[in-house]
């Protein structure tokens, strides 16, 4: 019986898809089905897929009559998957040979974990760089407040843990962040501390060409996580709450003060609800607050007086930073 379904959406991918398919076929773990969803490609993708399908019975191809987008394609793949374990891979990325073997080993050995990602390495038009995300569930859950801290094309997950959650088109191009930020509240996440995927970077990457939509979607996703913590949906101080968990440089004196006060409220909410690991949550906020204080664009004596006497963070500021702050506010 097949143990793993690999979902690969593709649109006009004839330049790179052969490399991606080969990286799957060359895995040390071989008991999988590769489900490729062709989004009405207008290039040679269909021909390439047909050739691969004839060569390897583990490959299945679904061709759409109209373009529906990668979020819809991945959802269709999840629905069609008959296996508990599902891996994601984009049609221009390369999975290293031991990726599936190592992820399956972890998920099988840890029944309470539903999602396993890995580090990944940028290549292509971007200089090779390894992206090293946090490892443990508690740290990942907190980091998710700031960004999507798990690489979507590196992910393997258990279908039973996903439940009714799916990629949502309203969050495109941040639909991965939308899904994983919700699922991390329902099951445990883990990142293997090894780069097991090569992530191809080129000018057509969706996060580059749709940056404004990305920013709007990320704002909504972050806000929903704060609401889960207890922040009111229509709270007028929502920007200050967001600044607590997402560093914003160059805030005004009043904005920094509002952010510091909001940090105290978030810590109190988490103490009451226990959504995040208490000590890690405080440590994350401390780190952001210290950098926020340091990067304030307005420095005067009243600001220094507040930071020293009323902020609650002065004792946590490194000595050198405290000295610099003193002289910046003095002159």
Read through the list (1) free of Cβ contacts under 8 Å to residues at least 40 places away in the same chain; (2) within 30 Å of residue 185 (Cβ to Cβ); (3) surrounded by fewer than 18 Cβ atoms within 10 Å (Cβ to Cβ), then give the number of the only condition that residue 324 fails.
-> (2)
Among the residues listed as 206, 192, 238, the single one being at pLDDT below 95, closer than 21 Å to residue 121 by Cβ and touching a helix residue (DSSP H, G or I) at 6+ places or on another chain (Cβ under 9 Å) = 206
Restrict the check to region 107-116 and report whether at least one residue is surrounded by fewer than 16 Cβ atoms within 10 Å (Cβ to Cβ) and either in contact with a helix residue (DSSP H, G or I) (Cβ under 6 Å, 6 or more places away or on another chain) or in a strand (DSSP E or B) (or both).
-> no
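The values are calculated or read from the model by the stated rules, or taken from the named source; none is laboratory data. Bear in mind the structure is a predicted one, so any value in this text is a computation, not a measurement. In this analysis, Cβ positions are derived from the backbone assuming ideal geometry, glycine residues included, and neighbour counts consider all displayed protein chains.
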